[in-house]
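Nothing in this text is a laboratory measurement; each read-out follows from the coordinates by a stated rule. These numbers come from a predicted model, not from an experiment. Here the Cβ is made from the backbone with ideal geometry for all residues, glycine too, and neighbour counts use every protein chain on show.
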Amino acid sequence: MIRTLTLSAALAGMAALSSPAGAETIGVALASTTNPFYIAMQRGIEERAAELGHDVVTVSVDEDVVAQVDGVLDLVAREVDGILISPIDAVATNQAYEAAHEAGIPIVSVARHSSSEFQTLFVAMDEVQIGRDIADWLIEAIGGEGEVAMIAGPSGAATFRNLAQGFREVVNANDAVTIVFETEVPLTREEGLRVAEDILVAHPEVDGIYGGNDELALGAAQAVAAVGMSGDIVITGMNGVPPAIAAVRNGDLGLTVQLNPVAWGRLGVDTMDTIFGGTIPDQEVFIDHRLVDATNVD
Amino acid sequence: MTSTDQATGSDTPRRRPFAAALSVLLNQAPLLVLVALCLTTVLNEPRFMSPINLTNITLQASVLAVVAMGMTYVIIAGGFDLSVGSIVALSGCIGAMVMLELGPVVGALAGVVIGAAVGAVNGFFVAYLRLNPFIATLGTMVAIRGLVLLITHAQPIVGDEGLPRSFVLYGRERFLGLPLLTWTPIVLFFILAYVLERTAYGRKLYAAGGGPEAAFLAGIPVKRIKASSYVWSGALAGVAGVMLAARLQSGQPTSGEFYELLSIAAVVLGGASLYGGEGRLYKTIIGLMIIIVLSNSLNLMDVDSHWQDIAIGAVILLAASVDQLRHRLR
């Protein structure tokens, strides 16, 4: 079957042997063992746990929600002291949160959010703030005045709603910049391309385009390049995936935002450590993000 | 000695006593493996026997148990069903969609009925068009998975305010300490075992699988019996899909993957013959518990998942070899 517990790294084990009393065991159930994002997050978790003298027991699942729920049940049976989870589905993992809650084990979501009332805490990215930062950067990049268009992700997902909200907030507060077009589309390159083509026809004076994620932004960049306007119209993305980084490097894309999964994992462990210490941080625990543009892409 | 012992014992004098003893032992090999597995685990990790872990095991086994019981029917009747995993996803999603409109009871029924309908299609292709069961159910497995992704747009079915409260409670609540999800296969087990072993229909299933020609000559409607085994399998996969939707509080279009292989493995581990006409429901449950306990115990003992796969594969090979040996001793 497709899940496992591995006592990770000799490091953690050795740290446990030499660590002061009070070393706790953290159960980890991330969403994937093959996705580079989660591999990096797992590394961050293991590094930080070793530094703090905690043990890590990992349930590995590959986007299989039943295996994740079963794995968390096994962690609960193993009586771990806390659980870090990146829930594959916000609703389908509810049973895992309930089991942890019943056993009195704190369960903290990392990167992905759960709808369960028993989620102890959510270590998130500050989506609204990221939206604001993108807007600040874009306004400066277009010279402080002009027209911008928004190709946002679906607002049914909280992430994209929050990003767009932060962006809109800042732009609307600036009288010199207007949002001339706004839409929500599925997060594919094809949609970004299609919508950007329409924008270029309807608003030929547009100076900047906000893409809700990198795929939308890369699609918009293709449309802009097709009319020979690369560099004249500034496009922003979000996520910092490798093709987006490459596009920033060659100038097709103005900006992407990188989230550091290693730091995210470390922050998860720090948060859990605080909970072990007896205090539950308030619900706003955010991972740092980094704006990547031509000045710092390499 | 009872009369049945004498009846079955009538041919034993021709065998050597050692072989006879070995045969009895091999007959119960799956049970012995399960007991040994539990003992080994509990010696290494006492928490294996904790109430919470025992409940976990039953919960982890419950959905697959229902699928595996349906698979037992098909395999006894000489067939094979690869489509059960896709049916689990289809029934879970259709059930969730219907219950958002018409309530939990109608939704659950819809899930089971759609599973039975797919089973009937399988039965038609295999029994009446005489397609190889492997090919026929491979076709429905792939097509049904596509259908699920199509009708759900590959998104989980949750509804705006979640699935009906009473349905979610079915996936969560307990009765006499056991989850309701665990009671479902327990109740089904007694019904299905009764049908299989105490009714004329059950005997016909064995006959149709064990010797179709002889069964036909004896006046058994072999085609209809074989087709009906797929309806059982489909309907039970439908029940499993509804159960899984309750457990996940949503219809998940990608759920049920590998369930066909795990349930076939459970039946084979229980000692049923893939040539049909053989198999007992309780042995399938033992076979399934070997898979579930193996995974759980390796989890508790911190063994890497890749080792778990290897161990389960090895146990299947071992079980099949034991089965061959047992047949030769007859």
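Run the dipole for chain B about the Cα centre, Lys and Arg Cβ at +1, Asp and Glu Cβ at -1, nothing else charged, and hand back the magnitude in debye, nearest 20.
Its charge dipole is roughly 1040 debye.
Rounded to two decimals, the Cα radius of gyration of the protein assembly as shown over 2.2 N^0.38 Å is 1.13.
Across peptide A:61-74, how many C-beta atoms of other chains are within 10 Å of each residue C-beta, on average?
Averaged over the peptide's residues, the number is 5.
Between A:Val262 and B:Ala314, the simple spin-label model (points 7 angstrom out along Cα→Cβ) gives 3.7 nm. The simple Förster model, with R0 at 60 Å and r as the Cβ-Cβ distance, assigns A:Asn296 and B:Ser50 a FRET efficiency of 0.70. For the options B:Ser86, B:Ser273, B:Ser263, a Gaussian network treatment of chain B with springs between C-alpha atoms closer than 10 Å singles out B:Ser273 as fluctuating the most. Please report the antiparallel percentage of DSSP beta bridges with both residues in segment A:208-298, rounded to the nearest 5. Just about 45 percent of them are antiparallel. With Cα atoms as the point set, chain A shows a radius of gyration and Dmax of 21.3, 67 Å. Treating each Cα of segment A:97-223 as an identical point scatterer and summing with the Debye formula, the log10 of I(q)/I(0) at q = 0.18 Å⁻¹ comes to -0.91. For peptide B:241-252, the mean count of partner chain Cβ atoms within 10 Å of a residue's Cβ comes to 4. Give the distance, in whole Å, between the Cα centre of segment B:16-95 and the Cα centre of segment A:245-298. Taking the Cα centre of each part, segment B:16-95 and segment A:245-298 sit 45 Å apart. List the trypsin sites (Lys or Arg not before Pro) within segment B:109-197 that fall in a DSSP loop (any state other than H, G, I, E or B) and whose Cβ has at most 12 other Cβ atoms within 10 Å. Of the trypsin sites (Lys or Arg not before Pro), the ones in loops of segment B:109-197 whose Cβ has at most 12 other Cβ atoms within 10 Å are B:Arg130.
Tell me the relative contact order for chain A as a rounded percent, counting alpha carbon contacts under 8 Å between residues six or more apart.
Answer for chain A is 16 percent.
Annotation: the antiparallel percentage among DSSP beta bridges lying fully within chain A is about 20.
Given A:Leu121, B:Leu188, A:Ala176, which one lies farthest toward the positive end of the charge dipole of the protein assembly as shown, if we put +1 on the Cβ of every Lys and Arg and -1 on the Cβ of every Asp and Glu? Going by the charge dipole, the pick is B:Leu188.
Over segment B:62-156, what is the mean sequence separation of C-alpha contacts under 8 Å (at least six apart), divided by residue count, expressed as relative contact order in percent? Could you put the intermediate results ahead of the total?
Working: 83 pairs, mean separation 32.0, N = 95.
Computed over segment B:62-156, the figure is 34 percent.
Helix screen, chain B: DSSP H segments with Cα axial length of 20 Å or more and mean Kyte-Doolittle hydropathy at least 0.0 are B:29-44, B:51-76, B:84-102, B:104-123, B:133-152, B:180-198, B:222-248, B:281-300, B:305-329. Since only B:Ser255, B:Leu217, B:Ala272 are under comparison, the one whose Cα sits farthest along the positive direction of the charge dipole of segment B:194-273, derived from C-beta charges on Lys, Arg, Asp and Glu, is B:Leu217. Placing +1 on the Cβ of each Lys and Arg and -1 on the Cβ of each Asp and Glu in chain A, which of A:Ile83, A:Val108, A:Ala225 has its Cα farthest towards the positive end of the resulting dipole? The Cα lying farthest towards the positive end belongs to A:Ile83. Legend: calculated FRET efficiency, A:Ser115 to B:Ala200, from the Cβ-Cβ distance at R0 = 60 Å, rounded to 0.05, equals 0.75. Amide H contacts of B:Leu131 (H built 1.01 Å from N, in plane; Pro and chain starts excluded): B:Val126 sit under 5 Å, all sequence-distant by 5 or more or on other chains.
Using a Gaussian network model of chain B in which every pair of alpha carbons under 10 angstrom is joined by a spring, one finds that among B:Val66, B:Val121, B:Val231 the greatest mean-square fluctuation is at B:Val121. Does chain B classify as rounded, prolate or oblate by the C-alpha gyration tensor (a ≥ b ≥ c root eigenvalues; a/c under 1.5 gives rounded; else a/b over b/c gives prolate, otherwise oblate)? Oblate shape, in that a/c is at least 1.5 and b/c is the bigger or equal ratio. If you run the Gaussian network model on chain B, springs between alpha carbon atoms under 10 Å, then out of B:Thr55, B:Thr137, B:Thr182 the most flexible one is B:Thr55.
At R0 = 22 Å, how high is the FRET efficiency between B:Ala117 and B:Leu149 if r is their beta carbon distance? Nearest 0.05 is fine. Given R0 = 22 Å and the Cβ-Cβ separation, E is 0.75. Mean sequence separation of contacting Cα pairs (under 8 Å, at least six apart), scaled by the length of segment A:158-298, corresponds to a relative contact order of 17 percent.
Put simply, segment A:152-290 fits an ellipsoid with semi-axes of 33, 17, 13 Å; these come from the alpha carbon gyration tensor as the roots of five times its eigenvalues, largest first. Shown for B:Ile151, A:Ile139, B:Ile76: other C-beta atoms within 10 Å of each C-beta, ranked fewest to most, produce the order B:Ile151, A:Ile139, B:Ile76. Ordering A:Asp70, A:Asp62 from the fewest to the most neighbouring beta carbons within 10 Å gives A:Asp62, A:Asp70. Averaged over the residues of B:43-53, the number of partner chain Cβ atoms lying within 10 Å of the residue Cβ comes to 2. For segment B:269-330 versus segment A:42-97, the inter-centroid distance based on Cα atoms is 28 Å.
Report, for the protein assembly as shown, the % of DSSP beta bridges that are antiparallel, rounded to 5.
25 percent
Ranked by how many other Cβ atoms sit within 10 Å of their own Cβ, fewest first, the residues B:Thr58, B:Thr199 fall in the order B:Thr199, B:Thr58.
The alpha carbon radius of gyration of segment B:209-330, expressed as a multiple of 2.2 N^0.38 Å, is 1.28.
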